[in-house]
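*Asks:* Could you have a look at this structure, given as structure tokens, before my questions?
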Amino acid sequence: MTHFTKVVLFTDSDGRARFREEQVPLSEGTPQACFSALMPSGGLQLRESPVGFRSSFHCTGAPQWVFILRGKMEIGLQDGSSRVFGPGEHFYSADVVPEGVAFDPAVHGHWSRQVGDDSLVTVFVRG
């Protein structure tokens, strides 16, 4: 069976954001067009961020897929590591503030920034 590798940005048990990969089975369709099971979504939003954009540390308000259409997006974590996503790449942003905990920018979340000479164009699909 074929699968799709889903990159997930999540909140670990210590409250810090981390990346992991999950396999989504492509078990429907035909050998020429393999599909995953249909997933519910809560809306789609487009965003363009200019050259030089950078956010402060924040958490995702609601889990969502992020697909890069143009430019490059870097996601930085509290541990100092970062990962760059380019056109055609994605991640599932699910690093929400743990329930019952107040957001602490020294512990929680991630930052994002536009990288390179092109503005950043993304599609957000609520999970």
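The values are calculated or read from the model by the stated rules, or taken from the named source; none is laboratory data. What you see is a predicted model, and the numbers here were worked out from it, not measured in a lab. A quick note on method: Cβ atoms are made from the backbone with ideal geometry, for glycine too, and the neighbour counts reach across all protein chains shown.
*Asks:* Return only the number of the condition from (1) closer than 28 Å to Met1 by Cα; (2) surrounded by 13 or more Cβ atoms within 10 Å (Cβ to Cβ); (3) touching a Ser or Thr at 6+ places or on another chain (Cβ under 7 Å) that Thr60 does not satisfy.
*Replies:* (1)
*Asks:* If you don't mind, another one. Take the residues in segment 65-121 that are surrounded by 17 or more Cβ atoms within 10 Å (Cβ to Cβ), of a type in the set (S, T, N, Q) and closer than 17 Å to Arg16 by Cα, then tell me which one is farthest from the chain's Cα centre (by Cα).
*Replies:* The extreme case among them is Gln78.
*Asks:* When you go through (1) at pLDDT below 95; (2) in a strand (DSSP E or B) one by one for Gly61, which number turns out not to apply?
*Replies:* Result: Gly61 passes all but (2).
*Asks:* Looking at segment 54-84, which of its residues are out of contact with any Leu (no Cβ under 7 Å at 6 or more places or on another chain) and in contact (Cβ under 8 Å) with a residue 60 or more places away in the chain?
*Replies:* Answer for segment 54-84, where residues must be out of contact with any Leu (no Cβ under 7 Å at 6 or more places or on another chain) and in contact (Cβ under 8 Å) with a residue 60 or more places away in the chain: Arg54, Ala62, Pro63, Gln64, Trp65, Leu77, Gln78, Asp79, Arg83.
*Asks:* If you don't mind, there's one more thing I want to ask. Which residue, of Ser49, Ser27, is out of contact with any Asp or Glu (no Cβ under 7 Å at 6 or more places or on another chain), surrounded by 11 or more Cβ atoms within 10 Å (Cβ to Cβ), of a type outside the set (A, V, I, L, M) and touching a residue at least 40 places away in the same chain (Cβ under 8 Å)?
*Replies:* It is Ser49.
*Asks:* Right, next: Given the residues Ser55, Ser119, Ser112, Ser93, which is the only one that is touching a strand residue (DSSP E or B) at 6+ places or on another chain (Cβ under 9 Å), within 30 Å of Met1 (Cβ to Cβ) and of a type in the set (Ser, Thr, Tyr)?
*Replies:* Exactly one of Ser55, Ser119, Ser112, Ser93 is touching a strand residue (DSSP E or B) at 6+ places or on another chain (Cβ under 9 Å), within 30 Å of Met1 (Cβ to Cβ) and of a type in the set (Ser, Thr, Tyr), namely Ser93.
*Asks:* If I filter segment 14-33 for residues that are hydroxyl-bearing (Ser, Thr, Tyr), modelled with pLDDT of 95 or more and either under 13 Å from Thr122 (Cα atoms) or in contact with a Pro (Cβ under 8 Å, 6 or more places away or on another chain) (or both), do I get at least one hit?
*Replies:* Checked segment 14-33: no residue is hydroxyl-bearing (Ser, Thr, Tyr), modelled with pLDDT of 95 or more and either under 13 Å from Thr122 (Cα atoms) or in contact with a Pro (Cβ under 8 Å, 6 or more places away or on another chain) (or both).
*Asks:* What do you reckon, is Arg126 surrounded by fewer than 15 Cβ atoms within 10 Å (Cβ to Cβ), under 16 Å from Val8 (Cα atoms), in contact with a strand residue (DSSP E or B) (Cβ under 9 Å, 6 or more places away or on another chain) and touching a residue at least 60 places away in the same chain (Cβ under 8 Å)?
*Replies:* yes
*Asks:* Mind listing just one residue for me: the one in segment 30-46 that is surrounded by 11 or more Cβ atoms within 10 Å (Cβ to Cβ) and either in contact (Cβ under 8 Å) with a residue 40 or more places away in the chain or part of a strand (DSSP E or B) (or both) and, of those, farthest from the chain's Cα centre (by Cα)?
*Replies:* Result: Cys34.
*Asks:* Taking the condition under 15 Å from the mean Cα position of the chain (by Cα) and surrounded by 15 or more Cβ atoms within 10 Å (Cβ to Cβ), does Ala17 pass?
*Replies:* Criteria met by Ala17.
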